[in-house]
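Everything below concerns the one structure shown next.
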Amino acid sequence: MNSHRQSATPVTTMRVAPLKLDVSPYRGGENEPLARWFVELDAAITARQLRDPIQQVLFAMSKLAGRAKSWAYGKRLAEPHCFYDLDDFKRELKKAFEPPQSEFRARAEFLKLRQGKYDLHSYAQRARYLVSSIVNEPIDASTQVVTFMAGLNDGPIRNQLFREYPKTLDEAIERAMQEEFSIKQAKFGGFVARPPRQQATTYNGPEPMDISLPM
């Protein structure tokens, strides 16, 4: 009898309805912590019960904006299956936007790099650093050289490099440093200017009176 009642009792399962949590858009800015955005993204995917890897990637891409959106859709346009799951999407996004391995920002900054008010040494060091930050899709040597030379301030150093046209960035930097040294040597003639020697002042007349003393 008891067994008959147990078999007749219907079993009900609680089904949780999907919760549509929102995610703030990620634009790829320097002040946007990517790790925090990943936490928001994971929470929203779990709440929405998105289990298919493709759906997870598409949802994540829909929450991008600005430069990050341009990067993701540009990459997908060139290779439709570039993000095969959410973890792969996160890895690629971190490579492109998370410092210090921000290859997307490093590439953009290098291509717009100009010497401006910086001295030659600081300008060369910045160019080297940006190029070294681009690992996955490095800029070709010719573009590195042309960008570095074009960014130099107008003058004899820039003109000399365009006449010689070095083959590598290191060679271009070395020649620029040598040219700067030669210009300084020619300007000062190899001698360091000394300040003029001061002469002692002598008084032939009476000693001046100190007016600060009481009369």
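At a glance:
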quantity: Some residue of the range 57-66 being part of a helix (DSSP H, G or I) and within 26 Å of L130 (Cβ to Cβ); calculated: yes
quantity: Of all residues in the range 129-150 being more than 18 Å from the chain's Cα centre (by Cα) and either crowded, with 17+ Cβ neighbours inside 10 Å or polar (S, T, N, Q) (or both), the one that is nearest to Q115 (Cα to Cα); calculated: M149
quantity: Conditions (1) modelled with pLDDT of 95 or more; (2) more than 27 Å from R105 (Cβ to Cβ); number of the one not met by M61; calculated: (2)
quantity: Selection from the range 76-97 of residues that are surrounded by 14 or more Cβ atoms within 10 Å (Cβ to Cβ) and of a type outside the set (F, W, Y); calculated: R76, C82, L86, K90, E92, L93, K94, K95, A96
quantity: Test: residue in the range 156-170 that is surrounded by fewer than 13 Cβ atoms within 10 Å (Cβ to Cβ), within 26 Å of E103 (Cβ to Cβ) and basic (K, R); calculated: yes
quantity: Pick from the range 13-29, criterion over 15 Å from A65 (Cβ atoms) and either among the aliphatic types (A, V, I, L, M) or at pLDDT 75 or above (or both), ranking: nearest to the chain's Cα centre (by Cα); calculated: L21
quantity: Residue ID - nearest to K69 (Cα to Cα), chosen from residues in the range 104-140 that are part of a loop (DSSP other than H, G, I, E, B) and among the acidic types (D, E); calculated: E137
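The values are calculated or read from the model by the stated rules, or taken from the named source; none is laboratory data. What you see is a predicted model, and the numbers here were worked out from it, not measured in a lab. Neighbour counts run over all protein chains shown; Cβ positions are idealised from the backbone, glycine included.
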